[in-house]
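The values are calculated or read from the model by the stated rules, or taken from the named source; none is laboratory data. Source: prediction; values computed, not measured. With ideal geometry, Cβ positions are generated from the backbone for all residues, glycine too; neighbour counts draw on all protein chains shown.
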Amino acid sequence: MTPEPLILAVETASRAGSVALSLGEKLLAETTFSGPMRHSAELFPGILGLMEQFSLKPCQIEQIHISIGPGSFTGLRIATTLAKTMHLANGARIVALDTLDVIVANVIYPAPEKSHELQVTGYERIAAILDAKRNQFFIAVYEYTSDATWKKVVPDSLMTARQFVEEFAPSDKPIWLLGDGLLYYKDRFRGEGIRFLDTKYWSPRASNVHLLGWQKALDGQFADPLTLQPHYLRKPDVTIKKDWNSKYKM
């Protein structure tokens, strides 16, 4: 029987950074950085701390799961560089995750200690929001479908708060918002039918990077380390179209 791989999960795409260590599907431990934007200072100490806790060495890591974006340019570069370095050093396989999917996992797949707090089916629409600067936001929208699954109905998009409110506020069913992009700009997103999840669900977590990454790993969806690049999303022009697949064309 093949032993479960040792997995390092890294989340540095948002303000709150974290790292997690897992053995296959089983999460061993997670460390959250002491403050916002502490990625450069606390990433390596955090990893080494986890390794020491279980008497392990970095060379034993077989997979590294990272949040690839959209998000902080610096944070995404840090995670991507780490993943490529670990691949070159000891052949660690890389799984890349969408940051907005990682945020929404706080609600769709809540941690066991929080699962009793949410009636997930009561939230039919959810939007994850990250600050993209220049008065713009990285946003994706998810809907709970009739077959009891979640579907990403608006792909990662770059838009203003006003564009979002004009599109989603007038609706017959509310849309629930979460994400660090609301930290300073929550008031810009207020409107009819718009609700806000508790702040404890706003930040992406390394444990969710592992949770989603493990499923991709089981399916053999590993990233090519030679072509791996952060998913920055931002480009100069935004063209609005009717079809959601191209509505916020980059």
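Remarks
- Of the criteria (1) on the phi < 0 side of the Ramachandran plot; (2) out of contact with any Lys or Arg (no Cβ under 6 Å at 6 or more places or on another chain), which one TRP176 fails: (2)
- Cβ pairs under 9 Å, 6+ apart, first in segment 126-148 and farther than 18 Å from THR99 by Cβ, second among the acidic types (Asp, Glu): GLU143/GLU124; TYR144/GLU124
- Unmet requirement for VAL10, which otherwise passes all of (1) aliphatic (A, V, I, L, M); (2) within 18 Å of the chain's Cα centre (by Cα); (3) assigned to a helix (DSSP H, G or I): (3)
- Residues that are surrounded by 18 or more Cβ atoms within 10 Å (Cβ to Cβ) and not aliphatic (A, V, I, L, M), drawn from segment 25-54: GLU30, THR31, THR32, PHE33, HIS39, GLU42, GLY46
- Answer residue from segment 211-247, given it is more than 20 Å from the chain's Cα centre (by Cα) and surrounded by 14 or more Cβ atoms within 10 Å (Cβ to Cβ) and is modelled with the lowest pLDDT among those: VAL238
- Of the strands (runs of 3 or more DSSP E) entirely within segment 102-201, none holds at least 2 residues that are among the aromatic types (Phe, Trp, Tyr), modelled with pLDDT of 90 or more and surrounded by fewer than 21 Cβ atoms within 10 Å (Cβ to Cβ).
- Figure legend. Inter-residue proximity from segment 76-98: first residues within 13 Å of ALA13 (Cβ to Cβ) and assigned by TED's automatic domain parsing to the domain that holds ALA13, second residues of a type in the set (Ser, Thr, Tyr) and part of a helix (DSSP H, G or I), beta-carbon distance below 8 Å, spacing 6+ or different chains. Indicated pairs: ILE78/SER40.
- Annotation for segment 68-79: at least one member residue is buried (at least 24 other Cβ atoms within 10 Å of the Cβ) and within 15 Å of GLN221 (Cβ to Cβ).
- Here ALA169 fulfils each of the conditions (1) under 27 Å from TYR232 (Cβ atoms); (2) more than 17 Å from the chain's Cα centre (by Cα) apart from (1).
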